[in-house]
1. Specify the longest stretch of the chain that does not include any exposed loop site, a site being one of the GluC sites (Glu not before Pro) with a non-H, G, I, E, B DSSP assignment and at most 14 other Cβ atoms within 10 Å.
2. Working from Cα positions, state the angle (0 to 90°, nearest 10) between the long axis of helix 87-96 and the longest principal axis of the chain.
3. According to a simple spin-label model (label point 7 Å from Cα along Cα-to-Cβ), what is the distance in nm between Ser238 and Gln206?
4. With charges set only on the Cβ (+1 for Lys and Arg, -1 for Asp and Glu), what does the dipole of the chain come to about its Cα centre, in debye to the nearest 20?
5. Compute the helix-to-body angle for 2-17: its Cα long axis versus the longest principal axis of the chain, expressed 0 to 90° and rounded to tens.
6. Mind jotting down a quarter of the surface of the convex hull over the alpha carbons of the chain, in square nanometres, one decimal?
7. Residue farthest toward the positive end of the dipole of the chain, with Cβ of Lys/Arg at +1 and Asp/Glu at -1: which of Ala207, Phe72, Thr257?
8. Does anyone have the angle between helix 252-263 and the longest principal axis of the chain? Alpha-carbon axes, 0 to 90°, nearest 10?
Amino acid sequence: MKKYVLVVAAVLLALACQQKPTKISVQEPVISEGVTAEKLLKEKAVILDARPAFEFNLAHVPGAINVRWEDFSQNSPRSRGLLQGDLFSLARRLALVGIDPDTKVVVLGKGAQGGGEEGRVAWTLKVLGVKDVYTLVHTSYREMNTTKEAPLVQNKPYWKPQENESLVMNIKDFKKIIAQPGAVVLDVRSAQEFALRNLSQEKKVQASVYNVEWKEFFDGKGLPLAKSEGLLRDKGISKEATILVLSNHGVRSAAVTYALQFLGYKKVSNVAGGYEQWK
């Protein structure tokens, strides 16, 4: 009997050590109802901080890990908005800081005072297949967090990402789609940038082009803002529409793509290279 118990224990231990399945792409969007900063504070989540290293070193939440959106992107100035080609390498780096597809992750940033960096990091994680990702403003989270000790980071087994391709639009396909009527281009740059140059000024573009600044999609604490659905609804943009989100380098547009997917929009993609790729 004792020998039998030992065998069963060994089998259970082996199963626990096995790597999780790699089919991890999200089929349905995460719905935001009931999610608050206060509730996220109580969750045992991995905390990433997407602010510049200087600001992170001045003050940060205990246990937070400083990352830059550029850490996951190509280095060339002409393609800086594109993700690195080796997604498995990105997943390995995430595993070393305790993130796998089933890990709850909170990404902190500067909110409206920044450039959408935390949203870009959140979008990157969603592309790689991480299921539960949330954005918050660093100051809001830090004010609520009274923890003095940093939690220990526990590495996760290496995992193979399955790219959620629906969240990414390459420039070649983008040009084909907007040459036909039906699609919606959501330009999330400022009104001043939009006035200087936008795709509605291009003769070959047949898609509908709208401008809503990226800040309108997040509340004061950095969570996706449900009221932004009304802004799109007023423009005739439904949750079933094909929405292609555009900014200069694919950072602010990544943040909005993340927010809309979070709010339940089913066909929303980030034009990762942005206007730089268009040019």
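1. Numbers: sites that count: Glu33, Glu43, Glu149, Glu163, Glu202, Glu240.
Of all site-free stretches, the longest is 44-148.
2. Rounded to the nearest ten degrees, it is 50.
3. In this crude label model, Gln206 to Ser238 measures out at 2.1 nm.
4. Here the chain has a charge dipole of around 580 debye.
5. Once rounded, the angle reads 20 degrees.
6. 17.1
7. Positive-end residue among those listed: Phe72.
8. 70
Values in this text are rule-based calculations from the coordinates and carry no lab data. Please read these numbers as outputs of a predicted model, since none were measured by experiment. All Cβ positions, glycine included, derive from the backbone under ideal geometry; neighbour counts span all protein chains shown.
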